[in-house]
Each structure stands twice: as structure tokens, then as C-alpha cells.
1. Given the options B:Q227, B:Q246, name the one that is out of contact with any Leu (no Cβ under 6 Å at 6 or more places or on another chain) and polar (S, T, N, Q).
2. Kindly indicate the residue of region B:155-210 that is basic (K, R) and more than 14 Å from every other protein chain (Cβ to nearest Cβ) and also surrounded by the fewest Cβ atoms within 10 Å (Cβ to Cβ) among those meeting that condition.
3. Within region A:172-211, which residues are within 23 Å of A:Q252 (Cβ to Cβ) and within 14 Å of chain B (Cβ to nearest Cβ)?
4. Report yes if B:R69 is part of a loop (DSSP other than H, G, I, E, B) and away from every other protein chain (no Cβ under 14 Å), otherwise no.
5. Given (1) within 14 Å of another protein chain (Cβ to nearest Cβ); (2) surrounded by 18 or more Cβ atoms within 10 Å (Cβ to Cβ), identify the lone condition not met by B:L86.
6. Check B:G58, B:G108, B:G51 and return the single one that is within 14 Å of another protein chain (Cβ to nearest Cβ), in a loop (DSSP other than H, G, I, E, B), of a type outside the set (A, V, I, L, M) and at positive phi.
7. Looking only at region A:145-171, filter to residues that are buried (at least 20 other Cβ atoms within 10 Å of the Cβ) and assigned to a loop (DSSP other than H, G, I, E, B); which one of those is nearest to the other protein chains (Cβ to nearest Cβ)?
8. From A:I95, A:I85, grab the single residue that is within 14 Å of chain B (Cβ to nearest Cβ), at pLDDT 85 or above and assigned to a loop (DSSP other than H, G, I, E, B).
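The values are calculated or read from the model by the stated rules, or taken from the named source; none is laboratory data. Nothing here was measured: the structure is a model prediction, and the numbers come from that model. Cβ atoms come from the backbone with ideal geometry, glycine included; neighbour counts cover every protein chain shown.
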Amino acid sequence: MKVEGTDDGAVAAAGVGPTGVSPFVSKVLAPGDIVLDLNSTNKVLRVGSGLRQDGDSILATKAGKLRFQKQSNKYWVEGSQKRYIPNVEDTVVGIMVDRRSEMFILDIGGPAFGSLPILAFEGATRRNIPNLQIGAAVYARVVNAHRDSDPELSCTDAAGKSAGFGPLKGGFIFDCSTGLARGLLSKPTPPVLEVLGKSLSFEIAVGLNGRVWVNAPKVATIITVSNAIQNAEFLSPTQQHIMVKKLLEDSQ
Amino acid sequence: MATSNGEDGSVEVQLGQTRVLAVVKGEITQPYPDRGNEGSLAIFTEFSPMGDPAFEPGRPSEMAVELGRIIDRGLRESRAVDTESLCILSGRSVWSIRVDIHILDNYGNLVDAANLAALAALLSYRRPECTVGGDDGQQIIVHPPEVREPVGLIIHHLPIAVTFAFFGDGNFQVLDPNLKEEEVMGGRITITINSQGEICAVQKGGGVGVSASEVMRCLRIAAAKAQSMTETLKKAVEIHEIERAQRKIRRHPNLQNQIDTASSVPNPIKKIEVEMEETSEDIEPKQALDTERGIKDLSMSDSSRMKSTETEVAETLTEKPSRAGGRDLFAGGESAWGDDVKLTPLKGSPGTRSTLFPLDSDALVEFDVAARAVLRGGVSSQRMSSKLVSEPLQRQISDQIAAAAVYANQTSPLISEDARPLGPIFPRVGDMDSTEESDAALETKSVSQPEGTPVNFYFSGKKKPKKRGGSGRQD
């Protein structure tokens, strides 16, 4: 059983129970709960955010629900927080705070600022550097997020295409919990966005760091959309429908 | 909006998404030399990074110091908290009250929230009562809360802080700014004012200039806001007071079980004693009303001594039932009174002062439900059928009374001496026949029993007289 580190994306041999899947999937865990024992089958697992390997067992370090993805054999803990802890492959909305010679420094709401290399844009060359000002909003992807170092970002996807990343012009950014942000990005589309989309025209960019960017031709639309999204956090789908309808009526 | 943490003097206020915790503590110290007969009040703020990523640990930032100063000025210079009553020995010992304000979550307008939290904490804080005694009259005796009820601070009025944010040229005001508004505002003004319209403090630091008429407009709005906020604050404190009083009702454990089976609420209440000064404003069974008044009169005069003896007796008393367990509550042996003793007039004893002890089982059940509803902050969804609990309840209570009565009459003469002024509630053995009139005064129908059965229990209304056995007494 080979074990290599405990950082995100690390690979750990594991196995538990007859099916090899932890019995706690979709259950709520508290920090310190043991999720798996690494003693049985020699399956290879990915240990995601909120989990840590401690000797022969995998422990939860965050409070939240345990999730498991069969395709990549990955476990992670999903909780909702006000503060954001960077994880690899998260898409985040950052705000530029500084410019260095080789990189832009973005505030992504985590414990440390993220660094975005100036060449990490589609079609960027030394002569063709993107022109970002301090205070600009950027939609980026977390490439590297070690516990002990500053997170690294990129405005391209793995293949080098822009895929929607890059600077966000205009609009309005508000904060929300990480749980709500995850909910907004989940499939199927949450009812609040569906119902809003049917009557209003707007665009949003949701960052898993608990930031949502909204843009629309009219300011009233932006405000309606922001309020609707913030209200929808703890509502069931039906309640979301009703809430959005009411909000649209009131604003007309 | 505001929640109390259950402990006296610790309050968390939630103003929108802003959360602030205030904790009040008291300590006996030496007074300032030039203010020998005044206690002191000090405000401390703590802006931990938990509340906002912008807060740094270590030295308080300018904003933190300003917040502390605004609250301090509002309370101290308006003399809201009476400091002279905090003096114990002039020039030697005074109470020093300390308010710690912790910012838990910053979503704007920390000043208003922190001020409310500090006020609520000061209103709910109880300090131990202390008396001066000893041989030379210079010794300070601090009484523990079990012996003497802790006493609250004297607060003359409630200075409420109201904050406005200015935008544009100062002609556009926003009340209670949130985090985003604070970040882009042009200036701010905080007005500390009480519900009588007396201005306690004004703080306008920097930012855009504001005309005098705008400031007057803000003052008028602040006065109206302070009135409504004072009402809200007082209501929240009152609810806390009721809950605190409810918590003091101590029930017999078996009684508790009966009630619990019907309405599953865990409550660590042990004793069946009721404090004299318990406020019965919310629940007032009519039967008990007259007795309450009688008892309250007594408690004014000699409450502390009564209470201490009362609690002593109650404590030793309830030990017996809990040890015996079950329905066999009386573990003291046979009654010493014999056959010709009427226990009818025994309506109470140290263990069962009937101030809040509804003599009707329906009322008792309702009382319990209501009390628990208040404790839980909600309403009980199930109304217990009184039939379910009345029988065993009656038995429990009657056994309790019997046990208490016998025990009381066997113990120190001190108790019966003091108990005599209480009249019908706590008669001495010799007075028993003369208490028939008091029955009427209490508005209860006594369930008359044939001679020889140990204890009667009083239920007004439709309850049939019950025969009991198993209480250990013979006829």
C-alpha cells in the first residue's frame, strides 16, 4: 500500500467494507471523525479537501457532508463557510490588489493572496500582456493550493483555452457562503437562477470562494438578481420559485 | 434579534448579520482616591480576526478604540449605570464592573450592535450580594448565589447608539449602514440618545461635511429609533427574566418524569421548591393568588433569612425522596401525630410553598406546558391531557406535602417560629383546627377525607377525592 502525502489530489491506498466505499458518504461529519480505514483492499483513492490521512485512517478536518466521486475515486468533505480555503481546480472570483513583474496578485478571500502569472491567459505572449488594473475583477482557476504556500491561479483551462476565465468588466460582486456558491454551480440549475433567467437578462460568474459577480444592463436588475440569490440559500426549490416570483412582482 | 446566553451578564446581539457578544463581570477593588464612594465601569473591546479578515490580532485598531470610546461615553457621562450603588465600604472597597465586547461577525454598524449588547448584558448581569459585618463592621461578606439572590445593577436609562452614513455631498443619509455601505460612504455620525430624547453622546469623525440642518434631521430620526429600540431591548430582557425565574422552579424528580413522558422535554429540574419572590406575572393560577400576596408581604420583611432556612430544609428534604425513589417518597418513618390529627389544613411546608404551585392539576399541567414553552422559546404543540397526569400527579404531590409537613414539624423550632406569620400556609401543629377559614380564603375546595388517611390534596373543580396508600403512614 503506497501512500504519498496528504495534500489535495494526493493518492492514498485505501479500502473499507465490502464495496470499498466509506459508509459515511453523504453523511455529516465533524472534524476528527474517521472516514476510512486503510487496511483492507489495495484500492487507490484520492483524498480531497477537508480530509487528512493520519496513519492508517482518513480523518475529516472540516465539518460538512462527505462526498465521493466514483470516476476519480475521490473523497472530499463539503461544508459551508464564510471564509474560503483554496483547493485545486476551484473556480474563483478574485480582485486584483497588486502587480508584480511576473504576476498579478489577486485577493480570493482566502488566508493568503493568490498569484496569477501574466502569461496564464489564452494567447498571451511577452509582447501581449493583458492589461489589468488594481481593483479589477478576474475569474480564475486555482492551479496549486498547498497548505503552506500561496495559491497559484490561472486564467486558462488545462488545455490552454480561456474557457470563460479572464477579467470581468463592470457588474457588481457580492459575498456569500461557500455552500451557496457550490449550490449555484450544481447541476441541475437551481430554481432561483432558472426563474430569474426566464424574465430577466443578466450574466453571473460564481466563484467557489463565496463571491458572485452579477452584470446586467440595468442596475435594478443587478440588485434584484443579487437579492434573489442571497435569499435563496436555505430555501427549498418550491420556496425559491415563490420567492423569486414575489421579488419580480415587487420590482415591477 | 437579541439572544441571551443563559448566564447572567452574557448577551449576544445579532443586528442583521452583524453579531456582537458582550460579557459583564464584577470584581471588588479599591476605588479611585478622588471617588471614594463610587464604583467603576470599564469597557473593553476585542476585534478578533474571526469577525472580519481585516481585523488583525494584537493592538486594537483605531476603529476598535473609537468604538470602545463611544460606548463608554454613552454610559459613563450620561450616568446610565449608577456607580454610587456599587460602593461597599466608602474609600475602601467598591465594585468594579467590566464589560468585554467581542466582535463575532462584522457586517457593518458595529457600534450600534455593540452598544445594544453592552446594555443588554448590563441589564441582565447579577452581582453577588454582599454585606458589611464582622467584629469591627469592616469585614465584607460576599454571599454566594445559593444563599442570597444576586442583585442587579441600577441602570437609570438606556442610551441607544444610532449610526448614520453619509453619501454624496452629505445630503444623503443611510441608517444602520452595512459592510458594503460603510466601505463607500463619505462620512458617518453616531448619536447616542435615550428614549426620553436626551442626547448622551455624538460622534462625527472626519469625512464629508454635513450641514447643521442635516445633523438636526439625524437627531430627530435617532430619537424615534431609540424609542423603538428601547422597547425591543426591554422586551428581550423581560423574556430573559421570565426564563431565569422559570429555571428556578425546582420540581420533584418523579413529578418531572410523569410530565416528561407526556411532553418529551429534558429539564434538569430537581427540587419541588418554589422561590418566594418568583415572579408570577405570566402564569397566575387564581387559586394561588392570595397566598402569593401573603407570602410576598412576608418576604419583604425577612426574606433572606427565610430563604436560607427554606433552602436548607428543601435540600435535605429532597434528598430523601430521591434516595427512596419511586412513589415511596417518605423515608422518615411513621407519622408522629397519630389518628386525631387533621392534615387537611396543611397546604404547604418548606417543600411546597404554594406561591406558584397551582392546586388544580389542570392548571399544573398548563403551567408546566407554559413554563416549558417559555423556556424553549416556542409553544408546546401538545397539550397534555390532564387526565393523563392528574392521578399520579396528585399522589406525588400529596406524598410530597406529607413528607414535607412531617419533616418540617419535626425539625428546628426556628422554622416553625418563622413560619407562623405565614398563617394558613405553614401552621404549627397546634393551630391546625383553626385553619378552616383560611381554606376559603385560598379559594380552594378541600377534598375532605375520612379520619385516618394521612394527607389531603387540594384540587379545585372536578377532581374526585382519591385514596392513597403507600406513603408510609399508618392510621
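1. Only one candidate passes the filter, namely B:Q227.
2. Across region B:155-210, the extreme among qualifying residues is B:K204.
3. A:F172, A:F174, listed by residue number.
4. It is false that B:R69 is part of a loop (DSSP other than H, G, I, E, B) and away from every other protein chain (no Cβ under 14 Å).
5. Checking B:L86 against (1) within 14 Å of another protein chain (Cβ to nearest Cβ); (2) surrounded by 18 or more Cβ atoms within 10 Å (Cβ to Cβ), the one that fails is (1).
6. On the way: B:G58 fails: within 14 Å of another protein chain (Cβ to nearest Cβ); B:G51 fails: at positive phi.
Criteria check complete, one pass: B:G108.
7. Among residues in region A:145-171 that are buried (at least 20 other Cβ atoms within 10 Å of the Cβ) and assigned to a loop (DSSP other than H, G, I, E, B), the one nearest to the other protein chains (Cβ to nearest Cβ) is A:P151.
8. A:I85
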